[in-house]
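Just so it is clear, none of the values below were taken in a lab; they were calculated from the coordinates. Note that this is a predicted model, so its numbers are computed, not measured. Please note: Cβ atoms are built from the backbone with ideal geometry, for glycine as well, and neighbour counts cover all protein chains shown.
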Amino acid sequence: MCILVYYNNSNISINEGIIKSKEVKCPKCKENCLISFDDYKIRLYDCKNGHMTDNIFLNEFDNLQNINENEIKCKNCNNTKYKTYNKQFYK
């Protein structure tokens, strides 16, 4: 018996490929940044590109730290990180 399995791109749901960042990321450029708290609001600043985002509420901050692995693409094969084996790129 031989079973063939094909990957169908149309079955990807919206939440597949979204993970939480382990570091604090700038919401504009996704680079590492610093964080400060003031009156239950969060300020993200001092990223590599000099962006600053003020007045982020705690519930909004959680959504800003999501990373979509479907948007990270290999420059050589144009494959996304989510579709690769063990979600890793190799050279």
Of these, 47, 29, which one is surrounded by 15 or more Cβ atoms within 10 Å (Cβ to Cβ), not charged (D, E, K, R) and not in a strand (DSSP E or B)?
-> 47
Quick count over region 57-90, residues being touching a residue at least 24 places away in the same chain (Cβ under 8 Å), farther than 16 Å from residue 21 by Cα and of a type in the set (Val, Ile, Thr), is 1
Which of the residues belonging to region 51-71 are more than 18 Å from the chain's Cα centre (by Cα) and polar (S, T, N, Q)?
-> 55
Contacts under 9 angstrom Cβ, first residue in region 34-55 being on the phi > 0 side of the Ramachandran plot, partner in a strand (DSSP E or B) and among the β-branched types (Val, Ile, Thr), 6 or more apart = 55/42
